[in-house]
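Before I ask anything, here is the structure I am working with.
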Amino acid sequence: MPDKTPHDLAEKAAAMREFGRLREAGLPVPAEVRESHLWATNDGYATGPDPGQKIPDFALPDQFGALRSLNDLSGPHGLLLVFHRSADW
Amino acid sequence: MMLEKNGLRIAAVSYDSQEKLAAFAQKHAIGFSLLSDKGSETIRRFGIFNFNMAPDLRSYGVPHPVEFLVAPDGTVVKKYFVPNYQHRVSGSAIALRQFGTVNQDAPAVTLESGALAVQIGFPSAKAYAGQEVAFLARFALQPGWHIYGETVPAGYTPTAISFEGPYVVRQSLELPAAEMLNLPKLRETLPVYSGSFQAIGSLLLKHPLPEGKLVLPGRLCFQLCSDAVCEAPQTMQFELALTLEPFVISERDLNRARASEKKPPRE
């Protein structure tokens, strides 16, 4: 389970920043920095509903502002629903 | 798109505002729905909110990078999760696993040795560095012959396909369940494959890699036996090439993304 207490968030943020600093500067990223970045971003990861379970209902605006739900997004055989970080950064 | 040919559609969810998504969709000519989960409420309801991000980071509110293949009634059929958010399972790998679909121009080799023929190929020639790509191996054995599965005693060679070289980070091969063959003379029962069957494998490609042609050397190991004779174990080498496409998001944009984690949120 994800650790929801904030006690190690500063340490994780520091690991993410160090990784980002090296990548931005175009410097080689040492294995231990890569490792701690992976730990910082994935610690206690959760992957949501499992095969066989139902996803929760959702209704979200698309890029045109239209409210979309599974019903009108799905093709005849279903939908690949991809969760990602950001399209902006 | 191979997924659409198979009656699937794609939608992507992020915490970006609708305006940001509209700009991104226009810039990159995105042909599928980009859904705005501003405030990350849906991400939380799916149980994939990333609690590792400090609230003052721009990345606060992002999900763990999960992909769900969902049936029209909302049942999860498959779930894909690669811990590194830059790595995604390829659409062609999903199409291959779910539907056995292979592109017309897909690279493939056929290896033949005596009673065995194996065709190994990728479902699509296109791939991206850092992607998980699937491959398909179709085996055909002449009647009366078999090869071995796992687990066999010492002296027998199980069937295996592996890719070599520095470009593959991780790989696996899913063979079907072997049939148990009883050999009373040898007082052994061994897992074997006979007739025609197929196996699906998976490769996680290294990131970064230069764009263009990527030649992946591989080897097929097996041991052919009939009821009467057992041949020596064999290793056959082969090569398959993929074409690595440029990232839609450039390396510079990726670097900017890392740098932005230092800045407070803009909104």
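Condition first: at pLDDT below 90 and in a strand (DSSP E or B). Can you find one or more residues in the range B:44-60 that meet it?
no
Take the residues of the range B:15-42 that are of a type in the set (G, A, S) and at the interface with chain A (Cβ under 7 Å from one of its Cβ atoms): which is nearest to A:R17 (Cα to Cα)? Walk me through it before giving the result.
Pass one, the range B:15-42, residues of a type in the set (G, A, S): B:17, B:22-23, B:25, B:29, B:31, B:33, B:36, B:39-40.
Those left that are additionally at the interface with chain A (Cβ under 7 Å from one of its Cβ atoms): B:22, B:25, B:33, B:36.
Values: B:A22: 29, B:A25: 28, B:S33: 31, B:S36: 26 Å.
Among those residues, the one meeting the criterion is B:S36.
Identify, from the list A:D8, A:D62, the residue that is under 21 Å from the mean Cα position of the chain (by Cα) and either touching a residue at least 24 places away in the same chain (Cβ under 8 Å) or more than 7 Å from chain B (Cβ to nearest Cβ) (or both). Write out each step before concluding.
Numbers: A:D62 fails: either touching a residue at least 24 places away in the same chain (Cβ under 8 Å) or more than 7 Å from chain B (Cβ to nearest Cβ) (or both).
Going through A:D8, A:D62 in turn, just one is under 21 Å from the mean Cα position of the chain (by Cα) and either touching a residue at least 24 places away in the same chain (Cβ under 8 Å) or more than 7 Å from chain B (Cβ to nearest Cβ) (or both): A:D8.
Is at least one residue of the range A:66-76 farther than 21 Å from B:K78 by Cα, surrounded by fewer than 17 Cβ atoms within 10 Å (Cβ to Cβ) and more than 7 Å from chain B (Cβ to nearest Cβ)?
Yes; the residues of the range A:66-76 include at least one that is farther than 21 Å from B:K78 by Cα, surrounded by fewer than 17 Cβ atoms within 10 Å (Cβ to Cβ) and more than 7 Å from chain B (Cβ to nearest Cβ).
On the given criteria, is B:T189 assigned by TED's automatic domain parsing to the domain that holds B:S226 and either of a type in the set (F, W, Y) or under 17 Å from B:C221 (Cα atoms) (or both)?
On the way: assigned by TED's automatic domain parsing to the domain that holds B:S226: yes; either of a type in the set (F, W, Y) or under 17 Å from B:C221 (Cα atoms) (or both): no.
No; evaluated as a whole, the condition is false for this residue.
Here's a follow-up. Across the range A:32-65, what is the total count of residues that are surrounded by 13 or more Cβ atoms within 10 Å (Cβ to Cβ), out of contact with any strand residue (DSSP E or B) (no Cβ under 7 Å at 6 or more places or on another chain) and hydrophobic (A, V, I, L, M, F, W, C)?
6
Looking at (1) aliphatic (A, V, I, L, M); (2) more than 15 Å from B:C221 (Cβ to Cβ); (3) touching a Gly at 6+ places or on another chain (Cβ under 6 Å), which is the one condition that is false for B:L173?
If we test B:L173 against (1) aliphatic (A, V, I, L, M); (2) more than 15 Å from B:C221 (Cβ to Cβ); (3) touching a Gly at 6+ places or on another chain (Cβ under 6 Å), just (2) comes out false.
Starting from residues that are β-branched (V, I, T) and farther than 17 Å from B:F51 by Cα, keep the ones in the range A:30-59 and report whichever is farthest from the chain's Cα centre (by Cα). Working first, answer last.
Initially, the range A:30-59 is screened for residues β-branched (V, I, T), giving A:33, A:41, A:47, A:55.
Within this subset, residues satisfying the condition of being farther than 17 Å from B:F51 by Cα are A:33, A:55.
Values: A:V33: 19, A:I55: 17 Å.
Here the answer is A:V33.
Against the condition free of Cβ contacts under 8 Å to residues at least 60 places away in the same chain, closer than 18 Å to A:N71 by Cα and aliphatic (A, V, I, L, M), how does B:L35 come out, does it pass? Break it down into steps so the answer makes sense when it comes.
Numbers: free of Cβ contacts under 8 Å to residues at least 60 places away in the same chain: yes; closer than 18 Å to A:N71 by Cα: yes; aliphatic (A, V, I, L, M): yes.
Yes, satisfied.
Kindly establish whether A:A87 is at the interface with another protein chain (Cβ under 7 Å from one of its Cβ atoms) and farther than 27 Å from B:K27 by Cβ.
Numbers: at the interface with another protein chain (Cβ under 7 Å from one of its Cβ atoms): yes; farther than 27 Å from B:K27 by Cβ: no.
Spelling it out, it is not the case that A:A87 is at the interface with another protein chain (Cβ under 7 Å from one of its Cβ atoms) and farther than 27 Å from B:K27 by Cβ.
May I pose another question? Condition first: closer than 28 Å to B:Y167 by Cα, in contact (Cβ under 8 Å) with a residue 60 or more places away in the chain and surrounded by 18 or more Cβ atoms within 10 Å (Cβ to Cβ). Now tell me which residues in the range B:127-155 satisfy that. Talk me through it step by step, then tell me what you get.
Filtering the range B:127-155 for residues closer than 28 Å to B:Y167 by Cα gives B:127-139, B:149-150.
Filter again for in contact (Cβ under 8 Å) with a residue 60 or more places away in the chain, leaving B:127-139.
Result: B:A127, B:Y128, B:A129, B:G130, B:Q131, B:E132, B:V133, B:A134, B:F135, B:L136, B:A137, B:F139.
What are the residues in the range B:204-228 that are of a type in the set (A, V, I, L, M, F, W, C) and modelled with pLDDT of 90 or more, if any? Working first, answer last.
So in the range B:204-228, the residues of a type in the set (A, V, I, L, M, F, W, C) come out as B:204-205, B:209, B:214-216, B:220-222, B:224-225, B:228.
B:L214, B:V215, B:L216, B:L220, B:C221, B:F222, B:L224, B:C225, listed by residue number.
Right, another one. Out of the residues in the range B:18-37 that are at pLDDT below 95 and part of a loop (DSSP other than H, G, I, E, B), which is surrounded by the most Cβ atoms within 10 Å (Cβ to Cβ)?
Among those residues, the one meeting the criterion is B:F32.
Residue check, B:H87 against (1) modelled with pLDDT of 85 or more; (2) outside any strand (DSSP E or B), all met but one. Which one?
Going through the list (1) modelled with pLDDT of 85 or more; (2) outside any strand (DSSP E or B), B:H87 breaks only (1).
Here are some residues: B:R45, B:R9, B:R58. Which one is surrounded by fewer than 16 Cβ atoms within 10 Å (Cβ to Cβ) and facing another protein chain (nearest Cβ under 7 Å)? Break it down into steps so the answer makes sense when it comes.
Working: B:R9 fails: surrounded by fewer than 16 Cβ atoms within 10 Å (Cβ to Cβ); B:R58 fails: surrounded by fewer than 16 Cβ atoms within 10 Å (Cβ to Cβ).
Of B:R45, B:R9, B:R58, the one residue that is surrounded by fewer than 16 Cβ atoms within 10 Å (Cβ to Cβ) and facing another protein chain (nearest Cβ under 7 Å) is B:R45.
The values are calculated or read from the model by the stated rules, or taken from the named source; none is laboratory data. Treat the numbers as computed from the prediction; the structure is a model and nothing was measured. Every residue, glycine among them, receives a Cβ derived from its backbone with ideal geometry; neighbour counts consider all protein chains shown.
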